[in-house]
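One structure is given below, encoded as structure tokens.
The values are calculated or read from the model by the stated rules, or taken from the named source; none is laboratory data. What you see is a predicted model; the values in this text were computed from it and never measured. We place every Cβ from the backbone using ideal geometry, glycine too, and count neighbours over all the protein chains shown. Quick note on the areas: whole protein, heavy atoms, side chains included, nothing else; ligands and nucleic acids left out. Shrake-Rupley method; radii C 1.70, N 1.55, O 1.52, S 1.80 Å.
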Amino acid sequence: MGEDIDTRKINNSFLRDQNYVTEADIISTVEFNHTGELLATGDKGGRVVIFQREQETKSQPHHQGEYNVYSTFQSHEPEFDYLKSLEIEEKINKIRWLPQQNAAHFLLSTNDKTIKLWKVSERDKRPEGYNLKDEEGRMKDLSTVTVLQVPVLKPMDLMVEVTPRKIFANAHTYHINSISVNSDCETYMSADDLRINLWHLGITDRSFNIVDIKPVDMEELTEVITAAEFHPHHCNLLVYSSSKGTLRLCDMRAAALCDKHSKLFEEPEDPSNRFFFSEITSSVSDVKFSHSGRYMMTRDYLTVKVWDLNMETKPIETYQIHDYLQSKLCSLYENDCIFDKFECAWNGSDSVIMTGAYNNFFRMFDRNTKRDVTLEASRENSKPRAVLKPRKVCTGGKRRKDEISVDSLDFNKKILHMAWHPTENIIAVAATNNLYIFQDKVNSEMH
């Protein structure tokens, strides 16, 4: 996080007219690729926008690190399930990049039902001098072809091509909430409310069901799957979280069907801390393995917890995100905000964690120094190289000049989706229909 939090400066922001927010423009997922050179966002309109990081040049030494639009494409369209008389939204729920194997990039995107594999490639040359076609691509009269010529590649303006390579459909009865690429780079999993399926990236017509928690009688349903992820190094391990606040670590070597977990991570409930909305606020909205693979981080409504894979009984760290909302839970329940699903992210060295909050605030916690900070993604901070100032929420009594009252928080402005560059102190934060990219210019490398 750096010695001086005030040195964290904004790098870039992609702003749309805030007074006119269409539902389709709301960002629903953010994801860096494995090098951090590309950043993809998905929105509720089914679009994917890819940003590319600019390279530093002698003439523009300060432009290195800025992200500019690289490609935009329509990933999903609205559909209608005629058998169930249900509309299928085009909203992009998750994007996951595949590790790069050649010059092209590949990413998976999913809506509620269908996962697609996309190829992103560049073309800066075009062939010219065909024997059987003219310059406009029309077939020539063969009687006019008197000599054979060898086609040549001529330079052209750079063109980014995005093409669908595979479509993985018809495997989920319920809405897909997670996709995760395995470390073997050959398989990936998709999870919905009750089942997790394992796919091969080259096979679209079948998948293997590896977790199924659906009861015989749906009246007996007590929990649903909320998120799932593969271990970053061990291709046989995966974790999934539930609406009851539990984590289940599964080993695919033990059995083909992972209904019987290898480890159950659950914090014993303290009766003195129980309150009316406990069951709702304890639901895990996101789970992420650390880059090292030793830890897991979970986000529920009020806290972020860090778990050691070797200790199932309780988390090793618990961070309060916005405990000042305890008195507001009734109104948050009435306006459905209590069901918001916040994500969380590790920095590249697993020493700092980040998650979102309301009023376009986001929180950072340094695991080593135990310091934390609240920052705001707003238009006021969106000028290039503007310094971000820490924010504080006042819960009662006299309010200081730089504090904001808990009663003044805007619950329609929320940071649900975010991503952290894999090796540098660069973060991408989605605030409704705007994407903010911040960079710590002083401490740009991980320590």
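Would you be able to say whether some residue in segment 46-68 is modelled with pLDDT of 95 or more and in a loop (DSSP other than H, G, I, E, B)?
Yes: one or more hits.
Taking into account only those residues within segment 431-440 that are part of a strand (DSSP E or B) and more than 18 Å from I321 (Cα to Cα), which is farthest from the chain's Cα centre (by Cα)?
Among them, the one singled out is D440.
Cβ contacts < 9 Å: first residue within 14 Å of L325 (Cβ to Cβ), restricted to segment 398-421; second residue hydroxyl-bearing (S, T, Y) and assigned to a strand (DSSP E or B), any location; separation 6+ or different chain. Result?
If the second residue must be hydroxyl-bearing (S, T, Y) and assigned to a strand (DSSP E or B), the pairs left are L409/Y358; D410/Y358; F411/Y358; K414/Y358.
Among the residues of segment 310-352, which ones are surrounded by fewer than 13 Cβ atoms within 10 Å (Cβ to Cβ), touching a strand residue (DSSP E or B) at 6+ places or on another chain (Cβ under 6 Å) and in contact (Cβ under 8 Å) with a residue 24 or more places away in the chain?
Passing the criteria: none in range.
Taking segment 222-249 as the region of interest, how many residues are more than 16 Å from D184 (Cβ to Cβ) and not in a loop (DSSP other than H, G, I, E, B)?
Within segment 222-249, the first condition is being more than 16 Å from D184 (Cβ to Cβ), and the residues that meet it are 222-228, 239-249.
With not in a loop (DSSP other than H, G, I, E, B) added as a condition, the list becomes 225-228, 239-242, 247-249.
The total comes to 11.
Just to be sure, is E219 closer than 15 Å to S285 by Cα and either acidic (D, E) or not in a strand (DSSP E or B) (or both)?
Criteria not met by E219.
Does H261 meet the test of being open to solvent by 60 Å² or more (accessible area, probe 1.4 Å), at negative phi and at pLDDT below 95? Don't jump to the end; show me each part of the working.
Values: open to solvent by 60 Å² or more (accessible area, probe 1.4 Å): yes; at negative phi: yes; at pLDDT below 95: yes.
Yes; evaluated as a whole, the condition is true for this residue.
Tell me yes or no: at least one residue of segment 173-195 is modelled with pLDDT under 95, open to solvent by less than 90 Å² (accessible area, probe 1.4 Å) and either β-branched (V, I, T) or more than 22 Å from I115 (Cβ to Cβ) (or both).
yes
Please find, among K84, K125, K91, the residue that is at pLDDT below 85, open to solvent by 40 Å² or more (accessible area, probe 1.4 Å) and either within 27 Å of D286 (Cα to Cα) or in a strand (DSSP E or B) (or both). Before the answer, list the steps.
On the way: K84 fails: either within 27 Å of D286 (Cα to Cα) or in a strand (DSSP E or B) (or both); K91 fails: at pLDDT below 85.
Testing whether each residue is at pLDDT below 85, open to solvent by 40 Å² or more (accessible area, probe 1.4 Å) and either within 27 Å of D286 (Cα to Cα) or in a strand (DSSP E or B) (or both) leaves just K125.
Considering every residue within segment 94-109, establish whether at least one is in contact (Cβ under 8 Å) with a residue 60 or more places away in the chain and of a type in the set (G, A, S). Please lay out each step first, then the result.
First, the residues of segment 94-109 that are in contact (Cβ under 8 Å) with a residue 60 or more places away in the chain: 94-101, 105, 107-109.
Checking which are of a type in the set (G, A, S) leaves us with 109.
The answer is yes; a qualifying residue exists.
I'm trying to understand the selection: among the residues of segment 405-431, which are surrounded by fewer than 18 Cβ atoms within 10 Å (Cβ to Cβ) and closer than 16 Å to R379 by Cβ?
D410, N412, K413 - these are the residues of segment 405-431 that are surrounded by fewer than 18 Cβ atoms within 10 Å (Cβ to Cβ) and closer than 16 Å to R379 by Cβ.
Could you list all residues from segment 181-216 that are in a strand (DSSP E or B), of a type in the set (D, E) and under 19 Å from Q101 (Cα atoms)? Before the answer, list the steps.
Taking segment 181-216 first, the residues in a strand (DSSP E or B) are 181, 187-191, 195-200, 208-212.
Next cut, of a type in the set (D, E) only: 212.
Hits for segment 181-216: nothing passes.
Say we look at segment 277-311 and pick out the residues that are charged (D, E, K, R) and either modelled with pLDDT of 95 or more or part of a strand (DSSP E or B) (or both); which of these is farthest from T423 (Cα to Cα)?
Taking segment 277-311 first, the residues charged (D, E, K, R) are 279, 286, 288, 294, 299-300, 305, 308.
Narrowing further to those that are either modelled with pLDDT of 95 or more or part of a strand (DSSP E or B) (or both): 286, 288, 294, 299-300, 305, 308.
Values: D286: 21, K288: 17, R294: 18, R299: 22, D300: 26, K305: 22, D308: 22 Å.
Checking each candidate, the answer is D300.
In the set T355, T374, which member is β-branched (V, I, T), within 19 Å of the chain's Cα centre (by Cα) and not in a loop (DSSP other than H, G, I, E, B)? Working first, answer last.
On the way: T374 fails: within 19 Å of the chain's Cα centre (by Cα).
Just one listed residue meets the conditions, T355.
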